[in-house]
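Contents: one structure, followed by commentary.
Computed from the coordinates by the stated procedures, all read-outs in this text should not be read as laboratory data. Because the structure is predicted, anything quoted here is derived from the model rather than measured. A quick note on method: Cβ atoms are made from the backbone with ideal geometry, for glycine too, and the neighbour counts reach across all protein chains shown.
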Amino acid sequence: MTSKFDLKAYFDDRRAKVDAALQAALPSRNGGDPGRLREAMHYGVLLGGKRMRPLLTIAACEAAGGDVTRAMPAACAIEMVHAYSLVHDDLPAMDNDLERRGKPTVHIAFGHDKAILCGDGLLTLAFETLARGHTLGGRVAEAVVKLAHYAGIEGMVGGQAMDLVAGQDVRDLEALEQIHAKKTGALYAASGAMGALLAGASNDIVARLEKWGMQFGIAFQHADDLLDDDQVALRSQAIARVDALVASCFELVAQIGTAAEPLRAIAGWVQERTHAAAAGEKRD
């Protein structure tokens with residue numbers, strides 16, 4: 001990470017903008033709300049979180065010559081998809097989690113039926129929000145295709161299926177990274193690609209930032225595993241892989257210049273997070 005770039009200030013500023021845009025994009029709770037479904041959608045999205053996927057979308061857009069306004073439809077869409085996936089993952093048929101970020105999960109707070117509908121609503125709203133970004137210019141139709149690809153069977157949904165089968169004791173690093181690439185890396189790859197596409201970038205820049213997102217996402221999941229004491233058999237290999245993945249992230253944006261400083265800082269952050277977790281310093 002560069003010593004001069006203030007990543008915390010960058011995160012705080014962009015996260016506040018994302019939260020405001022999400023609040024505006026979610027369905028209004030004025031008037032009728034049968035079954036508190038609209039309330040559940042707000043709850044599921046605004047419960048908290050680091051907003052890493054939208055932050056990466058914005059950073060990629062800026063690196064490709066765009067700005068926060070151009071990036072925001074994709075930033076909101078990717079967070080809605082992420083939120084829907086958590087609502088469904090928490091259900092008893094999946095991970096059966098009762099709390100998330102210290103609060104009751106959506107199915108506990110609103111009921112199982114409303115949690116399913118909440119996730120369905122967020123997924124469809126994500127694509128509406130992204131498509132509405134066509135008024136701002138950029139390659140929006142291609143961004144819709146990227147999001148659909150990485151959110152679906154070839155990406156996050158497929159990764160969740162693999163994870164449910166594999167469990168928490170995978171002994172082969174390559175097999176583990178296949179899961180990480182789909183379950184976690186996919187949405188980060190979508191973030192990088194969509195940020196570049198909404199900036200109207202060239203195919204080369206889109207491909208670079210898409211790969212950047214995938215590499216970062218796998219590293220991010222390795223760090224999460226260390227923090228959560230998951231996949232303990234592969235800890236030492238995972239740490240080495242994070243270093244290699246971060247080095248690749250730096251290389252991918254080496255020729256972009258100062259516009260890629262946020263991406264460089266974010267890559268450095270995940271590397272520091274990994275080594276801190278390995279040393280027993282719990283950071284998040």
> So how do 244-252, 92-100 stack up, highest first, on mean other-Cβ count within 10 Å?
Replying inline: 244-252, 92-100
> Taking a threshold of 20 Å on the Cα-Cα distance, which of the pairs K17/K183; K17/K146; K50/K103; K4/K50 fall above it?
Replying inline: K17/K183; K17/K146; K4/K50
>> Over the chain, with a Gaussian network built from C-alpha contacts below 10 Å, which listed residue (T135, T69, T105) shows the highest mean-square fluctuation?
In response: T135
> Ranking T129, T258 by Cβ neighbours within 10 Å, fewest first, what do you get?
Replying inline: T258, T129
> Of G31, G44, G133, which has the largest mean-square fluctuation in a 10 Å C-alpha GNM of the chain?
Replying inline: G31
> Among G31, L47, Q168, which residue has its Cα positioned farthest towards the positive end of the charge dipole of the chain, with +1 placed on the Cβ of Lys and Arg, -1 on the Cβ of Asp and Glu, and the dipole taken about the Cα centre?
Replying inline: G31
>> Under 8 Å for C-alpha pairs, at least 6 residues apart: give me the relative contact order for segment 7-278, rounded to a whole percent.
In response: 21
> Considering amide H positions built from the backbone, and no H for Pro or chain starts, which residues 5 or more places from R100, or on another chain, come under 5 Å of its amide H?
Replying inline: T105
>> Cut-off is 10 Å between beta-carbons; in what order do H112, H275 appear when sorted fewest neighbours first?
In response: H112, H275
> Along the positive direction of the dipole of the chain (beta-carbon charges: Lys, Arg +1; Asp, Glu -1; about the Cα centre), which of A279, I116, A265 reaches farthest?
Replying inline: A265
>> Tell me the mean residue ellipticity at 222 nm calculated for the chain from its helices only (DSSP H runs of n ≥ 4, each -39500 (n - 2.57), averaged over every residue, nearest 500).
In response: -22500 deg cm²/dmol
> Taking segment 163-201, which trypsin sites (Lys or Arg not before Pro) meet the DSSP loop condition and have no more than 15 other C-beta atoms within 10 Å?
Replying inline: R171
> Hey, got the dipole for segment 7-278? About the Cα centre, +1 on K and R Cβ, -1 on D and E Cβ, debye to the nearest 20?
Replying inline: 760
>> Just to be sure I understand: with springs between alpha-carbon atoms less than 10 Å apart, which residue in R132, R101, R38 has the highest mean-square fluctuation in the Gaussian network model of the chain?
In response: R101
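Within the chain, which complete DSSP H helices have Cα atoms spanning at least 20 Å along the helix axis and a mean Kyte-Doolittle hydropathy of 0.5 or higher?
Those that pass (Cα extent of 20 Å or more, hydropathy at least 0.5) are 68-89, 112-131, 235-252.
Say R0 is 45 Å: what FRET efficiency, to the nearest 0.05, do N96 and Q23 get from their beta-carbon distance?
0.90
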> Rounded if a/c is under 1.5, else prolate if a/b beats b/c, else oblate: with a ≥ b ≥ c from the C-alpha gyration tensor eigenvalues square-rooted, which is segment 7-278?
Replying inline: oblate
> Taking the Cα centre of segment 102-259 as the origin and placing charges on Cβ (Lys, Arg +1; Asp, Glu -1), which of M156, T129, I256 is farthest toward the positive end of the dipole?
Replying inline: T129
> Where the centre of each part is set by its Cα atoms, how far does segment 174-197 sit from segment 213-244, in angstrom?
Replying inline: 14
> Calculated FRET efficiency, K211 and L136, Cβ-Cβ r, R0 25 Å, to nearest 0.05?
Replying inline: 0.50
